[in-house]
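This report concerns only the one structure given below.
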Amino acid sequence: MQRFSSWIALPGQHNLGMGRHWHFFCAVFWSANGLIYLLLFFGTGEWRRLVPTSWTVFPNAMRAAWVYLHLQIPAAGHPYNALQQLTYFGVIFVLAPLLLMTGAAMSPSLAARFPLYLRLFGGRQVARSIRK
């Protein structure tokens, strides 16, 4: 029997398939964590602080970036300055959904059932590259 490194075959060297079980356990755990976060995020109205409401957020974000690049402390004001607001908005509303969609695109069973879905990303390899 071939022995695998314990880094690859969690939790033991003789059972490489167990790593897949750990992977899916962690995926379910993080998905549940994200779902709870979204429920609280929208349930408490916190999303209103992160969604930009005017186009002035872009020049303000550039000014905040300039302040950070010069290693200065930004002026106190809102809980989030414009740069932080755009960053959090991008992570929550752009990157997280893109991560979920590209992860689903790498699933062989989803690609077999819905081949057009995989073509949205230009194939499995492109979906992998987007995730990196």
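The values are calculated or read from the model by the stated rules, or taken from the named source; none is laboratory data. Only a predicted model underlies this, so the values are computations on that prediction, with no experimental measurement involved. Cβ: placed from backbone, ideal geometry, glycine included. Neighbour counts: every protein chain shown.
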Task: Matching residues, segment 94-114, being hydroxyl-bearing (Ser, Thr, Tyr) and part of a helix (DSSP H, G or I) - done: Thr102, Ser109
Task: Residue identified as without any contact (Cβ under 8 Å) to a residue 24 or more places away in the chain and outside the structural domain of Tyr117 (by TED's automatic domain parsing) among Leu100, Leu35, Leu71 - done: Leu35
Task: Filter pass, Asn15 being modelled with pLDDT of 85 or more and over 17 Å from Phe93 (Cβ atoms) - done: no
Task: Residues of segment 75-93 that turn out to be exposed (fewer than 15 other Cβ atoms within 10 Å of the Cβ) and not in a helix (DSSP H, G or I), as a count - done: 5
- [ ] Determine whether Ala64 is surrounded by 10 or more Cβ atoms within 10 Å (Cβ to Cβ), at pLDDT 85 or above and outside the structural domain of Ser107 (by TED's automatic domain parsing).
- [x] no
Task: segment 105-132 residues that are without any contact (Cβ under 8 Å) to a residue 12 or more places away in the chain, paired with ones that are of a type outside the set (Asp, Glu) (beta carbon under 7 Å, 6 or more apart) - done: Leu110/Ala104; Leu110/Tyr117
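Those residues that are polar (S, T, N, Q) and more than 21 Å from Val94 (Cα to Cα), I need them from segment 48-84; list them, please.
The answer is Gln72, and nothing else.
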